[in-house]
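**Q** Sharing a structure with you now.
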Amino acid sequence: AARADATQFSKACIAEENRLIALIQPEESRLEAIQKEWDDAREREKQARLEAEAKRVAAIQERIEQIRDQVGQAVGESSANIRTRIQALVELAVDDTTFAEFRKQAEGARETTLVRLRSAEAKQKLQEDEQERLRVEREQLARERAEQAQRDAEDRQRREAQEAADRDRKSTRL
């Protein structure tokens, strides 16, 4: 009889447990849904912060890359244009506001780029000076040739006039 009482008591406990679970199950499901919605919202916020941070870092890296690209963009430009690039780069604010934790990287990129741009400007200036010197020499040579041609033409005219005068004198003598 004790065994039957224990089995009956156990069944009664299980039935009461099931009844109590049935009572709280709807509220528990509702609370789980609220918790899941809240957790999902926090996860979306976290992802949004991560994306915003990734975009911020990418924008800074892009600005640093634009600094580095100045050298490639200056290829083939005049020394005056390169000088303008140098001036703009010197005036560029490389601070914590603009480049945040990448400020040192940006400063390094700017300094390296300035050295390269100054070198490119010097080379371009030498080339332009050489081109100008050659242009002046060509103009001088063209002027000298024109002057020589003018002198040759004048000499030819004088000679022809002299020869004509000599022929006229000879013909008047005969």
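The values are calculated or read from the model by the stated rules, or taken from the named source; none is laboratory data. Fair warning: this is a prediction, and the values are worked out from it, not measured in the lab. Note that we place each Cβ from the backbone using ideal geometry, even for glycine, and neighbour counts take in every protein chain shown. Just so you know, the surface numbers come from the protein's heavy atoms only, side chains and all, with ligands and any DNA or RNA stripped out. Shrake-Rupley method; radii C 1.70, N 1.55, O 1.52, S 1.80 Å.
**Q** Considering all alpha-carbon pairs of the chain, what whole percent are spaced by more than 24 angstrom? Mind dumping the intermediate values first?
**A** Values: 11102 of 15051 pairs.
Percentage above 24 Å: 74.
**Q** Summing +1 for each Lys or Arg and -1 for each Asp or Glu, what net charge is found among the other residues whose Cβ lies under 11 Å from the Cβ of residue 70? Show your work: numbers first, answer last.
**A** Numbers: positive: 68, 85, 110, 116; negative: 65, 69, 77.
Counting the neighbours of residue 70, the net charge comes to +1.
**Q** Tell me the net charge near residue 114. Cut-off is 13 Å between Cβ atoms, residue 114 excluded, with +1 for each Lys or Arg and -1 for each Asp or Glu.
**A** Working: positive: 68, 83, 85, 110, 116, 118; negative: 91, 107, 111, 121.
Summing Lys/Arg as +1 and Asp/Glu as -1 gives +2.
**Q** Also, quick follow-up: Take peptides 151-157, 96-102 and line them up by average Cβ neighbours within 10 Å, highest first, as a rough protection proxy.
**A** Numbers: 151-157: 10.0, 96-102: 12.9.
Ranking the peptides 151-157, 96-102 by packing returns 96-102, 151-157.
**Q** Using just the helices of the chain, give the 222 nm mean residue ellipticity in deg cm²/dmol: DSSP H runs with n ≥ 4 each add -39,500 (n - 2.57), and the total is spread over all residues, rounded to 500.
**A** Result for the chain: -34000 deg cm²/dmol, rounded to the nearest 500.
**Q** To the nearest 0.05, how large is the calculated FRET efficiency for residue 112 and residue 49 if R₀ is 30 Å and r is the Cβ-Cβ distance? It would help to have the intermediate numbers written out before the result.
**A** Working: r = 33 Å, r/R0 = 1.10.
Result of the calculation: an efficiency of 0.35.
**Q** Which value, in Å², gives the accessible area per residue of region 9-75 when a 1.4 Å probe is used on the protein heavy atoms?
**A** Per residue, region 9-75 has an accessible area of 80 Å².
**Q** Can I ask one more? Carbon and sulfur atoms: what percent of the 1.4 Å accessible area of the chain do they account for?
**A** 54 percent
**Q** Then there's this: At a Förster distance of 41 Å, what's the computed FRET efficiency of residue 151 paired with residue 78, Cβ-Cβ distance as r, to 0.05?
**A** After rounding to 0.05, the efficiency reads 0.55.
**Q** Across region 76-83, in residue order, what do the Karplus-derived ³J(HN,Hα) couplings come to in whole Hz, using 6.51 cos²θ - 1.76 cosθ + 1.60 with θ = phi - 60° and x for Gly and Pro?
**A** x, 7, 6, 4, 5, 5, 5, 4
**Q** Follow-up question, since we're still on this one. Would you mind calculating the gained length between residue 29 and residue 56 on full extension (0.36 nm times residue separation, minus the Cα-Cα distance), in nm to one decimal?
**A** Gain on extension, residue 29 to residue 56, equals 5.7 nm.
**Q** Still on this structure, I have one more. Starting from the Cα-Cα distance between residue 101 and residue 158, subtract it from 0.36 nm times their residue separation and give me the gain in nm to one decimal.
**A** That works out to 12.0 nm of additional length.
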